[in-house]
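The values are calculated or read from the model by the stated rules, or taken from the named source; none is laboratory data. Values in this document were obtained by computation on a predicted structure and should not be read as measured data. Cβ coordinates were reconstructed from backbone atoms using ideal geometry, including for glycine residues, and neighbour counts include every protein chain displayed.
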Amino acid sequence: MFKTLTAKEKRYILLLVLFSFLLYLLWAIIIPYNRAPDEYQRFDVVRFIFKYRSLPLAGDKRLEYGPYGITYATTPYFPYIISALMSIALKAIGLNIPLYLSSRLLSVISGTGTVFFTFFICKKLFKESNLKYYVPCILATIPQFAFINSYTNQDSFTIFLTSIMIYLWFKGVENNWDYKTVVLTGITSGVMLLSYLNGYTIILATLLIVLISYKDKLSKMFLYKLFLCIFVMFLVSAWFFIRNAVHYNGDFLGLRYMSELSETLAWDRFKPSLRSTLARRNLGVWHLFFHTSWIKTTFKSFWAVFDYMTIHIKSSYYVFILILNIAGLAGVIGLIIKNVKNGVLKGIKDNKIYFTLIFSIIISTLLHIYYSVYSDYQPQGRYMFPALVPIVLLLFKGLYEVMAERYRDYAYKALTFIFISANFYCLFKILMFMYYFG
């Protein structure tokens, strides 16, 4: 990776990684414990592993179940295992750090890793354009992304894995998915299987780009590589799903058992059988979009809503972001129209990466919609975060296309300054003041 970098690029990525790590660490220190969505229940899994030196099973009375009667120890929770192991290691070397804070370190490191891989993605995607400098810095300072990287959750690690996977797309397209890339893709996919159900969308997107880009899909070599990738995924992740199947009567994902547990332990209004979902009221996507605040709340909380979805910032920020999104979308639509003039299939073939980025955004959006209609109305932007990197890449590529060439560099410098300023404003002026001086 580093062999292809110029001296300027090496200095830049070093400074950006250091800046990102310190920024997220500062967020993690300033945000009080459990002032983020469900952190007490997420942290409970880490606490259990740290205290008892064993992996928890749903139903154990030593776990917290909350109003919904669920525990994050049911479905894949590999990030919490890593957080617990890091906390154990830090204690072993004599560092007396509060457990909730040492648990947050994985999110801090994951966010930093996402920024790191995003730079290399941008270098390949945007070639010699200065976007390779601006976009990773803008991503790093999106307030909601910094917030996600400041507390115990699965989202941050999932975004990190997504950035690795997208980088591997480029390698696979370049070398026709050689064995090294296939094995790395299998490992990353296996870890994703262990980490977060929402992150499975990137595995589907990876399968799509393999099918689009592999040069001889009818060959035995293609089948060998496909089975090798699946085998590596199995080696990495099978132990968890076998364990679940054994303990939860064949329920290898843990979803059915989680529902049964919730039915037993949840407060009445949160029991699955009594929960008033849109689907149970014979209301669907139309109602979700046009008769609730789902779109507005999801959009705002994708960019900057903190605590338990209770702390917003100035409306001017959301208006500014909305304008950016509209302009970026217009640019992306323009690119699509330009690239399908000679046929849709040719356009897809010539723009494999962009097409797959769009696909990953679509399936993440559909999953978020499905969950809000059929399971639980949750208009939280973080459910779209498995598609954060694709969204940012396409958004700022689209903006680049609609800008006059002579203004692009100035505009992106201004955007970078605005996002850095917004990040500091959110952390120090809003959150720090509210938590410690309000």
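Of note:
- PHE290 meets the conditions (1) closer than 26 Å to LEU395 by Cα; (2) surrounded by fewer than 15 Cβ atoms within 10 Å (Cβ to Cβ); (3) in contact with a helix residue (DSSP H, G or I) (Cβ under 9 Å, 6 or more places away or on another chain); (4) not charged (D, E, K, R) in every case but one. The failed one is (3).
- Any hit, the range 253-260, residues being small (Gly, Ala, Ser), loosely packed, with under 15 Cβ neighbours inside 10 Å and without any contact (Cβ under 8 Å) to a residue 40 or more places away in the chain: no
- Residue in the range 177-192 that is out of contact with any strand residue (DSSP E or B) (no Cβ under 8 Å at 6 or more places or on another chain), outside any helix (DSSP H, G or I) and buried (at least 21 other Cβ atoms within 10 Å of the Cβ) present: yes
- Leading residue by the ranking (modelled with the highest pLDDT) among those in the range 5-50 that are of a type in the set (Asp, Glu) and closer than 25 Å to ILE430 by Cβ: GLU39
- Only one of the numbered conditions (1) over 25 Å from the mean Cα position of the chain (by Cα); (2) surrounded by fewer than 17 Cβ atoms within 10 Å (Cβ to Cβ); (3) of a type in the set (A, V, I, L, M, F, W, C); (4) assigned to a helix (DSSP H, G or I) is not met by LEU283, and that is (4).
- Among the conditions (1) over 16 Å from the mean Cα position of the chain (by Cα); (2) surrounded by fewer than 22 Cβ atoms within 10 Å (Cβ to Cβ), the only one that ILE109 does not satisfy is (1).
- Flag for GLY69 being over 24 Å from TYR200 (Cβ atoms) and in contact with a Leu (Cβ under 6 Å, 6 or more places away or on another chain): yes
- Only one of ILE311, ILE295, ILE326, ILE321 that is among the aliphatic types (A, V, I, L, M), modelled with pLDDT of 95 or more and surrounded by 17 or more Cβ atoms within 10 Å (Cβ to Cβ): ILE321
- Qualifying residue in the range 414-433 (condition: loosely packed, with under 15 Cβ neighbours inside 10 Å and touching a strand residue (DSSP E or B) at 6+ places or on another chain (Cβ under 9 Å)): no
- Options LEU211, LEU168; residue that is without any contact (Cβ under 8 Å) to a residue 40 or more places away in the chain, in a helix (DSSP H, G or I) and out of contact with any Ser or Thr (no Cβ under 8 Å at 6 or more places or on another chain): LEU211
- LEU388 aliphatic (A, V, I, L, M), part of a helix (DSSP H, G or I) and within 30 Å of LYS215 (Cβ to Cβ): no
- Residue among THR152, THR158 that alone is touching a Phe, Trp or Tyr at 6+ places or on another chain (Cβ under 6 Å) and in a loop (DSSP other than H, G, I, E, B): THR152
- Candidate set from the range 298-331 (those that are assigned to a helix (DSSP H, G or I) and free of Cβ contacts under 8 Å to residues at least 12 places away in the same chain); member that is farthest from VAL373 (Cα to Cα): SER316
- Single residue of MET221, MET233, MET258 found to be part of a helix (DSSP H, G or I) and under 27 Å from TYR377 (Cβ atoms): MET258
- Checked against the criterion of being closer than 22 Å to PHE306 by Cα and of a type in the set (S, T, N, Q), the range 23-37 contains one or more residues that satisfy it.
- Some residue of the range 392-405 being among the hydroxyl-bearing types (Ser, Thr, Tyr), in contact (Cβ under 8 Å) with a residue 24 or more places away in the chain, surrounded by 19 or more Cβ atoms within 10 Å (Cβ to Cβ) and in a helix (DSSP H, G or I): yes
- Every residue from the range 362-383 that is surrounded by fewer than 20 Cβ atoms within 10 Å (Cβ to Cβ) and either of a type in the set (Lys, Arg) or part of a helix (DSSP H, G or I) (or both): ILE362, ILE363, THR365, LEU366, LEU367, ILE369, TYR370, TYR371, VAL373, TYR374
- Figure legend. Inter-residue proximity from the range 34-49: first residues touching a residue at least 60 places away in the same chain (Cβ under 8 Å) and more than 14 Å from SER102 (Cβ to Cβ), second residues among the charged types (D, E, K, R) and part of a loop (DSSP other than H, G, I, E, B), beta-carbon distance below 8 Å, spacing 6+ or different chains. Indicated pairs: ARG35/ASP307; ALA36/ASP307.
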